[in-house]
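Novice: After the structure tokens below, expect a handful of questions from me.
The values are calculated or read from the model by the stated rules, or taken from the named source; none is laboratory data. Since we're looking at a predicted model, the values are computed, not measured. Ideal geometry is used to build each Cβ from the backbone, glycine not excepted, and the neighbour counts take in all protein chains shown. Protein only, heavy atoms only, side chains kept; ligands, DNA and RNA dropped before computing areas. Shrake-Rupley method; radii C 1.70, N 1.55, O 1.52, S 1.80 Å.
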Amino acid sequence: MPVLVTGAQGFVGSWVAERLLAEGARVIAPRRDAAAASRFRTEGIEERCDLVRLDVSDYAEVLRVLQEHRVRAVFHLAGQSVAEAAERAPYPTWEANVRGTWTVLEACRAAREAGEEIERIVASSSARAYGQSRAEPYREDEPVAPTHPYAVSKATADLIARSYAITHELPVAVTRMANVYGGGDLAFTRLVPGACKALVDGDRPQLRSDGTPERESLYVEDAVDAYMAVAESLDDPAMVGRAWNAGSGEVLPVIEVVRRLIAVAGADVEPDPRGEPIDGLDRQAIDSTAIREELGWAPRWSLDEGLSATWEWYRARLG
């Protein structure tokens, strides 16, 4: 099956592309700038994909790729994924996360109307889309109400995707995941990759908070399992337009996550807490009951197992 994976050169996208290749799909990936250390390149994923010239905000290009490659499924993961970058530069964040989403979906709609058999589209949202939710933990039926640029961009894209499902009967579902971590994330402003880099360099991992904010994490291979489960759910028309939470169920202060990583690395240091979290949230937790009970998904990796695998990736490549 020809599958378009936007954002395949990024962190989570590379793992999704790798899984699809392993399952026999022909993966079409936009040719974009990528760091030399990106796992899309270093793990040999790039050379196994069909690379195409594609900007997700260019409608004509997206439509051309969908039609030329007879794409049957789309995983839309492209966009700005770093909250700090969105704070500094909201305009390109809106362009990538919002315009990019409606452009991909509109091209999918047009391609289907022209006869292409696009059977499933999974659009990546985020647990951050909930903002300062009233529910605890966040549930899919809770209205999204974010205030910070990154979260607002994800919530907007989320709503756009689900509107295409309802209005145009496009086979779309949305994923809202906890904080995904694992090998290959080169955004070192994020908690786990930043801590891994510090430990490889022999430094104390810095926290951009006092360490008390509580977050729910999800190992990247469990996240990929969730993407696959959501994609497969679209065989059932009743599942079209759904949003699905996916998280580990383990909510910990960020300083505890870093301490566990330090223990895994066998380092003799303490975390270095500084400042306040950029999103102002004291606690972020999501309810994954629906995806567990309706789609049979469950995380396979404990936090310590995931941190151990993650540490080994950074130690081997940054050491």
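Novice: Among the candidates 293, 305, single out the residue that is under 26 Å from residue 75 (Cα atoms) and surrounded by fewer than 18 Cβ atoms within 10 Å (Cβ to Cβ).
Specialist: The conditions single out 293.
Novice: Regarding segment 220-232, can at least one residue be identified that is at pLDDT 95 or above, within 20 Å of the chain's Cα centre (by Cα) and open to solvent by 50 Å² or more (accessible area, probe 1.4 Å)?
Specialist: Looking for residues that are at pLDDT 95 or above, within 20 Å of the chain's Cα centre (by Cα) and open to solvent by 50 Å² or more (accessible area, probe 1.4 Å), one finds at least one in segment 220-232, hence yes.
Novice: Just one of the numbered conditions (1) open to solvent by less than 60 Å² (accessible area, probe 1.4 Å); (2) touching a Pro at 6+ places or on another chain (Cβ under 8 Å); (3) closer than 16 Å to residue 217 by Cβ; (4) modelled with pLDDT under 95 is not true of residue 287; which one?
Specialist: Of (1) open to solvent by less than 60 Å² (accessible area, probe 1.4 Å); (2) touching a Pro at 6+ places or on another chain (Cβ under 8 Å); (3) closer than 16 Å to residue 217 by Cβ; (4) modelled with pLDDT under 95, only one is false for residue 287: (4).
Novice: If I go through segment 201-214 residue by residue, how many of them are buried (at least 23 other Cβ atoms within 10 Å of the Cβ) and either under 23 Å from the mean Cα position of the chain (by Cα) or polar (S, T, N, Q) (or both)?
Specialist: 1
Novice: Looking only at segment 167-200, count every residue that is in contact (Cβ under 8 Å) with a residue 60 or more places away in the chain, out of contact with any strand residue (DSSP E or B) (no Cβ under 7 Å at 6 or more places or on another chain) and either surrounded by fewer than 22 Cβ atoms within 10 Å (Cβ to Cβ) or assigned to a helix (DSSP H, G or I) (or both) and tell me the total.
Specialist: Result for segment 167-200: 12.
Novice: Can you name the helices (runs of 4 or more DSSP H) wholly within segment 77-165 that have at least 2 residues being in contact (Cβ under 8 Å) with a residue 24 or more places away in the chain and open to solvent by 50 Å² or more (accessible area, probe 1.4 Å)?
Specialist: 100-113
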